[in-house]
Structure formats: structure tokens, C-alpha cells
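This report refers to the structure that appears directly beneath it.
Where a number appears in this text, it was derived from the coordinates with a stated rule and is not lab data. Here the structure is a predicted model, which is why all the values come from computation and not from measurement. All Cβ positions, glycine included, derive from the backbone under ideal geometry; neighbour counts span all protein chains shown.
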Amino acid sequence: MSTETLKYRSEYKYKLATNRLGLWLFILSDAFVFGGLLVARFYLLGDTRPELDQTLGLIVTSILLLSSFFMNRAETAMAHGDRQGFLRGTLITLVLGVVFLVGVVGVEWQIAPFKASDGVIGSIFYTMTGFHAFHVLTGVIFLAVVYRNGRNGHYSAEEHWAVEACAVYWHFVDVVWIFFYPALYLIGTVAG
Amino acid sequence: MEENGKKQAYQMGFYVLVVLAVLTIGEYLLAVVGATWWSVLIFIAILKAYFVVQNYMHLPRLFESE
């Protein structure tokens, strides 16, 4: 291996380490916003929860968890040089992300028996799900960009930071929903 | 060797999905039967988040030496 190649690899490893730190710091700062929303939910609603379809909640949650599984597969595939596996996993994740969005914004928002203007419950529910849906949407756009680049021959087993960043961001969106799901759909009794 | 590593990583991803699925169905059933056990539901959520952060987000990578 030439000296130039060794220098390039060393620089890439350094950049990768700083990129990872930067991404995790961003995620930490974003987590504080979601944490604030969760605190607001428990402070304002206490032992009550919005009147929502729990089965629909379980379905959209399962879809998002499944999407994380396929995202992990896609990242693993690229880390092992399997481009077809990466493209397949990314595309499935993207489709599941869109299905989740349709489930929450297209269905849940339409059938919920309250509006955003209907007091505290409406404000909390639409702010939490809306802010999260916005993150899912940006994640879907990120996935589309990474998929397109992957199809055009970008990324390799050694260098695929964008894929890793996309995967970490997507899983973060999943982690947020892991807490939002019980907070909105499961904990407490339905507010009368 | 390389193929073996990929297979193992896929397997780990699948095991995590199974654990997440079991925990999600568990918390759903817990809520549907009418229990309002905050602490149990929050504990399950923390457990699920731990599995995702550790195995899917690969948090330990952050502390790898350059």
C-alpha cells in the first residue's frame, strides 16, 4: 500500500470519528426537544391520554420498528460490499417510512375525535405527532438521496459514512416513537 | 469469512427485531387489559430504546479509537 493511500485512509478515519461525534451531538440536542414534549404531555395530561385507536397505534409502531430492521440490514449489506442488498433494504425502509406517515398523518389525524384547537389534548397530540412526522419526512428524503447515490455507484464497504448517518438518524426517529407510542396510546385512561 | 460476518450481523438484527416485537406486543396487551402501570410501560420503552441504540445505532462505535 502506497504512502498516499495510507495517508488518505488515516484522514478518512479521523473524519469519520469527528462526523460520528457531530451526528451524535445533533441527535442529543434534538432529543432534548422531544424530551420537552414528553414532559409537557405528562405535566399537562397527567394520568389521562387522548382518545385514540390503540390498534392503529400498534400497527404504525410495528411498521416503524420493521423499517429500522430493514435499515440495519441495508447498512450491514453496504458495510460488506453488497450493493444490491443495500438498495433493497433502503427501498423497503423508505416505503415503510411513507406508510408510517400515511398511517399517522393520513389516517390517525383524520379519525382522531379532536382538533388541534380543542384544548390541551389536541395541542399535545398534534404537536408531538406532527414534530415526529416532520422528522420521519426528513428521514425519508435522506433515504431517497442515499438510495439514489447508491444506485449511481457511490459508497463502498470501506467508505459509506452517508449510509451510516442515514441509518443512525432513522433509528433515532424510531427511538423517539418508542417513547411517544406509550405516552400517547397506552399510558393512562382516556380523557373524558 | 466476510460472508460469515455479514450473516452474523443479519442474525443479530433479526434477534433484536424479535425482542422489539415481543416487547411491543407485551406493552400493548398490558394497556388493553386496562392496567395503567406507568412504571412497567416506561421500563419497557427504555428497554426497547436500549436495544435499538446499542444494536442498530451502534453507539459503541462512537468510542472506538481512531
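Could you please state, rounded to a whole Å, how far the C-alpha centre of region A:15-61 is from the C-alpha centre of region A:149-192?
11
What average count of beta carbons from other chains do you get within 10 Å of the Cβ of residues in A:176-187? Don't skip to the end; give the middle numbers.
Numbers: counts 1, 2, 14, 5, 1, 7, 12, 3, 0, 3, 12, 9.
Across the residues of A:176-187, the mean count of other-chain Cβ atoms within 10 Å is 6.
Of A:PHE100, B:PHE63, B:PHE14, how do they rank once you tally other Cβ atoms within 10 Å and put the fewest first?
Ranking A:PHE100, B:PHE63, B:PHE14 by Cβ neighbours within 10 Å, fewest first, gives B:PHE63, B:PHE14, A:PHE100.
Compute the angle between helix A:161-181 and the longest alpha-carbon principal axis of chain A, please, reported from 0 to 90 degrees and rounded to the nearest 10.
20
Report, to the nearest 10°, how far helix B:2-32 tilts away from the longest principal axis of the Cα atoms in chain B, using its own Cα long axis and a range of 0 to 90°.
So the inclination is approximately 10 degrees.
Could you tell me how many cubic angstrom of Cα convex hull volume region A:36-192 has per residue? Intermediate results must be reported in sequence, preceding the final value.
Numbers: hull volume 14.6 nm³, N = 157.
Output value, Cα hull per residue: 93 Å³.
Near the amide H of A:THR48, under 5 Å away, which other amide H atoms are found, from residues 5 or more places off or on another chain, if H is placed in the peptide plane?
Those qualifying (amide H under 5 Å, at least 5 residues apart or on another chain) are A:THR189.
What do you get when you divide the Cα radius of gyration of region A:151-192 by 2.2 N^0.38 Å, with N the number of residues?
Values: Rg = 17.8 Å, N = 42, 2.2 N^0.38 = 9.1 Å.
For region A:151-192, the normalised Cα radius of gyration is 1.96.
For region A:108-181, just say rounded, prolate or oblate: build the C-alpha gyration tensor, square-root its eigenvalues into a ≥ b ≥ c, call rounded for a/c under 1.5, and beyond that prolate if a/b exceeds b/c, oblate if not. Intermediate results must be reported in sequence, preceding the final value.
Working: a/c = 4.73, a/b = 2.85, b/c = 1.66.
Prolate.
Need one value for A:52-59: mean number of C-beta atoms belonging to other chains within 10 Å of its residues' C-beta atoms. Mind showing how you got there, number by number?
Values: counts 0, 0, 3, 2, 0, 2, 7, 0.
So the per-residue partner count for this stretch is 2.
What FRET efficiency comes out for A:GLN54 versus A:ILE141 if R0 is 35 angstrom and r is the Cβ-Cβ distance? Round to the nearest 0.05. Before the final figure, lay out the partial values.
Working: r = 30 Å, r/R0 = 0.86.
It comes to 0.70.
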